[in-house]
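Let me begin by presenting the structure, written as C-alpha cells, before commenting on it.
Any read-out appearing in this document is the output of simple, stated calculations on the displayed coordinates, not a laboratory observation. Since this is a predicted model, take the numbers as computed values, not measurements. Here the Cβ positions follow ideal geometry from the backbone for every residue, glycine too, while neighbour counts run over all protein chains shown.
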Amino acid sequence: MLVFAYDGSLNGDWVAHYAVRFAANRSERRLRLVHLYEDSPEPYLRERIARITRECELVGVTLEVELGARGGADVAGRLLALVPPGATLVAGTRARPRGSAFLAGTVSARMIEARRCPVVAIRVVHPGVLGLPGSVLLPVEAKGREVEHALALLRLLGPDLQRLDLLLVREVSRLRLHFLSEAGAGRLLAEGRALLAPLEEELRQGLAPRPVELDSTAVVSDDVPREILFYASRHRSRLICLRAPERPLAPRGEPIERILRDTPSDVAVHGSVD
C-alpha cells in the first residue's frame, strides 16, 4: 500500500501529484491519504481533498481518506502509527527553508530517521511536472545495497520513468584535485566506469521489461553536490533521486540540503527501513 501524509497546503497539493502517480503505477492502485489536524479540520480541506480524489479517479486509483487529531507534539510518530506494515509513505519537504533547511528538522525527516517504513520525501520545484518526471538523475556511490534501495524508488515511477542517468562522483580533496595529474584523473575515471558497469546492468534487470533509456557518467571532483546539480541541469533531469543518509540530517552543512536549496529539478529523498 501507498500512504500519503498530506499537510493540506499548496505544496502538499504539488506532492500529491507524485503520490497519485506512484499509486497508479502499483498493482493495487490504491492510495491512503492521511491528514492530522490541530483542533478540527480546516474549512478548505474538503475542497482540496476533493481535487486529489478527482485526480485519482482520472488514473483509476482508489483514494482512502483518514483524518485525525494530532494528539500531541509527536506528529511523526502519530503518522507512522497509521502506516500499515509493508506500506511506503510519501511526504513533502518544506516549500521554503527554515533557516537553511528544507528537510532537516521536519516531520518527514523524523519519519525517515525512524526507519519504521520506507519514506519518500519530495521537494517540488516545478509543479507543472505533475508527478510525471520522465527524465531522472540518480547519483550512486557503488557500495552495499545501492541498487536495491534505488529500485524501490524507481519502481514507483513505473512507465513515467523514460530516461535514467547514473552519476558516480569520485570525490577527492581540493588539494589533491589541484595537484592531480592527467594520468591520475584517468585512473580514477576508469575505476569509476568499472564500478558503474555492474550497477547499470543491475538496474536494467531490475527495471525490466520496461524500456528505459539508461546512461552513466563518472567524474572526479572535490564537490559532490555541485556535480549533482550541474549534471541535473546538463541532462535536463526533471527529478533527482537521493538516498537519505543513515545518520540524522543536520540543518547546516548537509549535502542534501544544498541540493534541495539549489536544485533545478524536483527532488525525491528516499529513506529505507534498514
Q. Any idea how far apart SER9 and ARG70 come out in nm if each label point goes 7 Å out from Cα toward Cβ?
A. 1.3
(Q) Under the rule that an exposed site lies in a DSSP loop and has at most 12 other Cβ atoms within 10 Å, name the longest stretch of the chain with no trypsin sites (Lys or Arg not before Pro) of that kind, not counting the sites themselves. (A) 1-142
**Q.** ASP222-ALA190 pseudo-label distance in nm [points 7 Å out on the Cα-to-Cβ vector]
**A.** 2.5
Q) Which angle between 0 and 90 degrees, to the nearest 10, do you get for helix 224-234 versus the longest principal axis of the chain when only C-alpha atoms count? A) 80
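So what's the chain giving for Rg/Rh, alpha carbon basis, Kirkwood Rh from the mean inverse pair distance?
Numbers: Rg = 19.2 Å, Rh = 19.4 Å.
With Rg and the Kirkwood Rh in hand, the quotient comes to 0.99.
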Q | Shape call, the stretch 153-274: gyration tensor on alpha carbons, a/c limit 1.5 | A | oblate
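At 0.36 nm per residue, and after removing the present C-alpha to C-alpha distance, how many nm does the segment from ARG29 to LYS143 gain when stretched out fully?
37.8 nm
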Q) If you take the beta carbon distance between MET1 and PHE230 as r and set R0 to 30 Å, what does 1/(1 + (r/R0)^6) give as a FRET efficiency, to the nearest 0.05? A) 0.20
Q: Kindly provide the Kirkwood hydrodynamic radius of the stretch 109-198 in Å, to one decimal, from all pairs of distinct alpha carbon atoms.
A: 16.1
Q) Under a point spin-label approximation (7 Å from Cα along Cα-to-Cβ), what is the GLN162-GLN205 distance to one decimal in nm? A) 2.9
Q: Report the GluC sites (Glu not before Pro) located in the stretch 1-104 that are in a DSSP loop and have at most 15 other Cβ atoms inside 10 Å of their Cβ, or state none.
A: GLU28, GLU38
Q: Provide the gained length on full extension for the span ARG176 to GLU213, in nm with one decimal, where the gain is 0.36 nm per separating residue minus the Cα-Cα distance.
A: 9.8 nm
Q. Using a Förster distance of 35 Å, how high is the FRET efficiency between ARG54 and SER100, based on the Cβ-Cβ distance and rounded to 0.05?
A. 0.40
